[in-house]
Structure formats: C-alpha cells, structure tokens
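**Student:** This is the structure I have questions about; it appears just below.
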C-alpha cells in the first residue's frame, strides 16, 4: 500500500511538472514562434470538410478538429464544412478529415446521457454543446475549447497516426465520454456497417466503420472506404455501454451496425481530466493498435503536444520571412500551414496501406524496417501544379516524391491512375486527370526516386489511352480529343466518350497535360511519343474563334455553338467561363499572345483585372462557386496562372502589379474574408498560391519543361530565406519594400545583374541570393 502511495505521489509530481511545462508551451507559443502567425480560423466560413483540423501533424493521418455540422453529411459529396465560424454549437471532435473520408467523432458531456448529436437549432436534443469563441484556442498541433453546456474543457493534439483528447470535467457523478464510431461524418458518405468493442479491464476500445462516399459512388461504384481505431482511456469507468444512435445498451460492450458507438460514465472531481489516446488505420484494427503503440505507447498528452509544436515550428521555419507587416506574415504562414496540412498519410507504421481493389498492400521496407516511402490520400491535382507542387519542389521534394510513389502504387494495382484518392479509391472531384502532369513535373525538377519507366508508361497512357477507360481514371471523353482534335460539346453536366458538357475546359486541360508528358518523353529520348503528344498539345487551336478571340465550344459537326455568352459558366467550361478559360494555354503562352495579338492580349487582360479588383478578384458572396460568371476568379483553379501571363508580353510589370493587388484584395485574415469570401481553399492550393506569390516565384507551365524556370514577380517581404529540400539555402531580399513599391527596378542574382524575368530552377536548387530593388513606378527598361 505504501509502495502504491509513493508511486502515485511520484506520478502526480511528474504529471504536475509536465502539465506546468505544457502550459508554458501553450502560453508562449503564440508570442515567441512562427506558430503565432498561423490562424486556423481564417476562412472558416463555408470552408471544406478537411480545412479546419488544427490538432494535426504536417501531412499526418490523425487530423483532429471540432465539428459544428459534420453529422449533417453532404448531398453531392463536397458541401460538408465540418466546422463553420458562423455556427455557435459543437457536436464533437472528429479524428479523420480527408477528401471523401471522415470518421470517429469523440466528445464529452455531463448530466443525462445522450448519444446523438442533436439539432443545431436545438442542441439540447443531443450531446451537442454551445461554445464561445473567446474560449477557443487553435494553432498548429493544438485545439482547445470550453463546452459551455457541460462546463467541460476539451483539448486536442496528435502524432502522425494517433489522436489525443483531454476532457477536463467539473465535479460530477455523470461525466460521460462518447465515442461515436458508426455514423456519417463530413464527406464520409453513407455508412454501410460499423463495429465497436470496449474492454473494461484494460480500458481499451476498438472500432471500425465502412462508408460509401458520394464520389466513390460516382467514380468507383461498389467500392468502399474502411477506417479503424484502437484506443485507450486513462481512467476506469463507473459504467460502460454501447449504443445504436439514440438507443443505449448498458453493460453491453460490443455492438455492430450503422450508428454504433461506446459511452463511458465516470465520477470526476473538480478539474479532473479524462484522456483518450486513439490510433488510426485504413487497413485493420490490428494496425491501428500497432500505430498507437509505435507512436504513443508511453506518450502523455503534454508530451505529444510538445512534439507537435516543435514539428510544426521546424516545418514552417523552412521558409523564414522578415517584414514589419503582421497581416502579410499571418496570410503567409496560415497559407503555409494549409499547404503542409494535407494531403494526409494513409499507410501504417509497418508500411501496409489500402489498395484500390480493397486488398492490403505492402510498401517495401528499408534496412531499418521502415517503409521506403509513405502513401497518401489526396484531393484532385486539378490546379495544384500552380501552387502546391511548385512549393513542394522547392522545400519538400521528398513529400512530392512520395505522392508520385502513391499514384504509381495505385496504377500497379488497378492499371489506371486516379486524380483524387480516398484510401486508393478513385474520387476525382472534377472528372479529369492531371496526375501525369504532376509526375512529369516531378521528373523535370529532379524528383526521381521511383521507377521512371513505369512512371512514363502510366503518364503516357493517361494522355492517349481511351479504350475501355474507366470512370475513376477521368477523361472519359479522351477519344474525341485524340482522334478529332477537340471534344464535342454535349448539353448538361456529364462527360462520356461522346463528348462533355465541359468540352472546352477538358480540351484545354488535355492539351496542357499532353505537352507536359511530351517533355517527359523528350527527356527520356522517346521521340515517337514526344511528337505524338506535341501534336495533341496544339488542339486548343481547333477551338479558337478568330472572330471573337475566345476559345469556344463546338458541336459534333465542328460548328461553334450559337447564342454564345462568354460570361456563362458550365456551358463548355467547368467551374468557369470563356473569359477565364480563353487564357488556359499555359504550355504555349507566347503562341496564345501571338494568336490574339499582343496589344489586344495585354489590353484585355489588364482590363479584366481592373474590373475584377472591384469585386475582390472573385466576388464577395459567401459561396464556393462565387466568381464563376465573372471576368476573373482567384477562388478557383482555372484562373490561378492568369496574372503571370503578362510575363510573356512586353509589359511584365503588370504581373508585378496585379499579383500584389490579388494578395492584398482577395486574401484576408478573417473567418469570412480569408480565401476570398467562403471560397474553396482546396487542401492548401490557395494558401500555397499566396506563398509562391509572396516569394515572387511562379511557373505558368507548372515546371514541366526539360529545364524548368520560374517567372518572377516582386516579393512581398523584406527578406525571405528558404531552406530548400535540396540541401541549399535561397535568400531573397527586397530593398525599399513599401506597400506602394510594387515594381521591380533591378535584380541581382548571386551578385550579378539580371535583366530577365525568369530564373532556372537549377540555380535555386544549388542555392542562390536574389536582391531586388523595388519602386513605385515600373522600370520599363529592366526587362530586355
């Protein structure tokens, strides 16, 4: 008894000391580190399901965050926001947030037991609770909030595959922890089955849920997504039971079926904390437990928090900026946070991962028994070549390489590549496929730690293989592009081998990716494929209307559509219109300028931005699709390269002007005005766009040329220091960097004067110093 007492005192002392240190970390982080410039609450009005997961690790699997409305599901597959800054109740804390993946809602309550979330309008009908945002703390690796209705403080943190929950209760004999396992959550889609088990002897639990997401239903009909959890709780419960939705089963410790969950009742003293550690897996409960033991067997909440804090600090500090503007630094580091947050880990510590066919795959292990690469879930690549892949190339090439390996693993298993993966299942958000371009860009950038010949085979087939093409591979209208030189317009929102309602945008996109893979072929000495693909990359000219200087839809007879409205979205253009998509020739920008005529091109483009500035470059209504019928829409992918097209004319200073104006006008630091107004940040895409704009580097071609280059624009910060992923340092300095000084007056690269508006990627990879002189008026003589 004395021995137990001494042990208890020792544990109490250590716990108090650890807790004290953790409190110091929580207090000092915002004041003394880059984490203080990250505000996860920016842009949380009408964001996406996977957007708000503060308690996470970079590129992690366990992504924890509060859910205000995740239990409502989403009708078409994309509407779920999970957390919305306009809501004032929290239903619980979700553990898995990915594109088309959502699972495992945990929460705590006191009083009468409730086992359903309840209505947002009537939170007392379930375990939902009201909260005040003044009681909220959110930063990379940590989240805290008070559940007002229960006087419970909830805290969250995570390792890569393990979620940590801490619930601090008032004195109560009816303190409950709810583990809601078997219900629809966020983008999970319908629940097909679920199972939970609780062991009171060792205070452990296991569970799994099988879901049928909306996009899986469309792109890989009949497939399913499985999620597994294995966890432990730090205190023995006074009472344990299971539930199926609102029906409770006291002392029944195993339950199976949709709506299954576990409830645990505790007696708590004032400010007593109940803690949960939960390991996750997409392959098995056994691997969920193995992940838990490998990452967190002896880890406390506060130790996990300390590790998460340091990890985020280390990753964010790979790009250090010096400037007096707190607003711009907040935009920058919050954007970088989102760029590093997703796309998330999907393999276990032992290298097992979910295959496309439903089996379990095995990543080869190195000499130390670790997986040779990591496998990731991912939203579509659509547009990511204008933000994320360029950022990853500079500072996180290893992660980029793993994404290539991920797609090749899916290709080896299924015979196809999919632009968007949920546990390897095909979930293309837009029905196209840019994976081949992503791979081609990686190769040209020198990211090549994979089977290059296999990569080329997969990429080449993605551009030309239309026979028996499956829905999950996207581009089901590829035959017309390859055989006829353009895709027929067919009314509606569908894409089939006969044509598409998005015929113009698909034609333009396939031209771009054909060009990218053509350069890949050329680099490998594959002349036949190079010539074939280059011919396809010219197909945009078949839809160019010389009379109107718009790229327009044609019918199967080769005639332009009548009653053409260049503002109209969805009629030949996916999530855009003719004003926007006519500039979608990123692989041949100079040819587009020549075809329209340089004077008209510059005048049209400059006028577009002049008008669009009045609508904050994308509209001010809170809508994911705001701006689709505008001249320009920074809130959606098809527009993200357009401001840089001036660099291919004799007026490159207009790129410098408008990129800066977009950074100031479109991007905000508020829940509503964050990434536009309630627009889709798209798993780091809009954040990474700001990062590249602020750095002053961007490639319209997405780094797909054999010798890739970045075009230049004026950096936003006084000094930028990038610890590249190539073992070098890139320093970018700007003199006289005032808000009104948008224009480059001169540039030195490694001490030598430079009079070109581009810089080779290889120069940056080897380490470089760029010194800009900025001014309030364009130096029209700088660019030769």
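The values are calculated or read from the model by the stated rules, or taken from the named source; none is laboratory data. If you're wondering where the values come from, they're calculated on a predicted model, not measured in any experiment. Heads up, the Cβs are rebuilt from the backbone with ideal geometry, glycines too, and the neighbour counts pull from every protein chain shown.
**Student:** For the range 509-530, give me the residue count where each residue is free of Cβ contacts under 8 Å to residues at least 12 places away in the same chain and either touching a strand residue (DSSP E or B) at 6+ places or on another chain (Cβ under 9 Å) or in a helix (DSSP H, G or I) (or both).
**Tutor:** Total satisfying the criteria: 2.
**Student:** So is residue 650 on the phi < 0 side of the Ramachandran plot and surrounded by 22 or more Cβ atoms within 10 Å (Cβ to Cβ) or not?
**Tutor:** Criteria not met by residue 650.
**Student:** If you don't mind, there's one more thing I want to ask. Inspect all residues belonging to the range 170-182 and state whether any of them is surrounded by fewer than 24 Cβ atoms within 10 Å (Cβ to Cβ) and under 24 Å from the mean Cα position of the chain (by Cα).
**Tutor:** The answer is no; no qualifying residue exists.
**Student:** I'm told residue 240 meets every condition in (1) under 37 Å from the mean Cα position of the chain (by Cα); (2) closer than 24 Å to residue 202 by Cα; (3) outside any loop (DSSP other than H, G, I, E, B) except one. Can you identify the failing condition by its number?
**Tutor:** (1)
**Student:** Any residue in the range 348-369 that is at pLDDT 95 or above sitting within a Cβ distance under 8 Å of a residue that is loosely packed, with under 11 Cβ neighbours inside 10 Å and part of a loop (DSSP other than H, G, I, E, B)? List the pairs, counting only those 6 or more apart or interchain.
**Tutor:** 351/364
**Student:** Do you know which of the residues in the range 88-125 that are at positive phi and crowded, with 24+ Cβ neighbours inside 10 Å is nearest to the chain's Cα centre (by Cα)?
**Tutor:** Just the residues of the range 88-125 that are at positive phi, to begin with: 92, 100, 104, 111, 118.
Those left that are additionally crowded, with 24+ Cβ neighbours inside 10 Å: 92, 100, 104.
Values: 92: 22, 100: 12, 104: 20 Å.
Of everything passing the filter in the range 88-125, 100 is nearest to the chain's Cα centre (by Cα).
**Student:** Specify which of the listed residues (740, 681, 721) is in a loop (DSSP other than H, G, I, E, B) and either free of Cβ contacts under 8 Å to residues at least 24 places away in the same chain or more than 21 Å from residue 382 (Cα to Cα) (or both).
**Tutor:** Only one candidate passes the filter, namely 740.
**Student:** Something else about it: Residue under question is residue 761, and the condition is that it be out of contact with any helix residue (DSSP H, G or I) (no Cβ under 8 Å at 6 or more places or on another chain) and modelled with pLDDT of 95 or more; does it hold? Can you show your working first?
**Tutor:** Working: out of contact with any helix residue (DSSP H, G or I) (no Cβ under 8 Å at 6 or more places or on another chain): no; modelled with pLDDT of 95 or more: yes.
The answer is no for residue 761.
**Student:** Are any residues in the range 350-386 part of a loop (DSSP other than H, G, I, E, B), under 16 Å from residue 419 (Cβ atoms) and under 20 Å from the mean Cα position of the chain (by Cα), and if so, which ones?
**Tutor:** 377, 379, 380, 381, 382, 383
**Student:** While we're here: Would it be correct to say that residue 185 is assigned by TED's automatic domain parsing to the domain that holds residue 130, within 20 Å of residue 115 (Cα to Cα) and touching a helix residue (DSSP H, G or I) at 6+ places or on another chain (Cβ under 8 Å)?
**Tutor:** So residue 185 fits the description; yes.
**Student:** Filter the range 682-713 down to the residues that are over 27 Å from residue 743 (Cα atoms) and surrounded by 24 or more Cβ atoms within 10 Å (Cβ to Cβ) and list them by number.
**Tutor:** Matches in the range 682-713: 682, 683, 684, 704.
**Student:** Filter the range 614-625 down to the residues that are in contact (Cβ under 8 Å) with a residue 40 or more places away in the chain and out of contact with any helix residue (DSSP H, G or I) (no Cβ under 6 Å at 6 or more places or on another chain) and list them by number.
**Tutor:** 618, 619, 620, 621, 622, 623, 624, 625
**Student:** Quick test for you: out of 702, 727, 684, 751, pick the one residue that is at pLDDT below 95 and either touching a helix residue (DSSP H, G or I) at 6+ places or on another chain (Cβ under 6 Å) or farther than 18 Å from residue 321 by Cα (or both).
**Tutor:** Details: 702 fails: at pLDDT below 95; 727 fails: at pLDDT below 95; 751 fails: at pLDDT below 95.
Only one candidate passes the filter, namely 684.
**Student:** Something else now. Taking the conditions exactly as written (farther than 29 Å from residue 378 by Cβ, part of a loop (DSSP other than H, G, I, E, B) and at pLDDT 95 or above), does residue 39 satisfy them or not?
**Tutor:** no
**Student:** Taking the stated definitions as given, is residue 492 farther than 19 Å from residue 419 by Cβ and touching a helix residue (DSSP H, G or I) at 6+ places or on another chain (Cβ under 8 Å)?
**Tutor:** no
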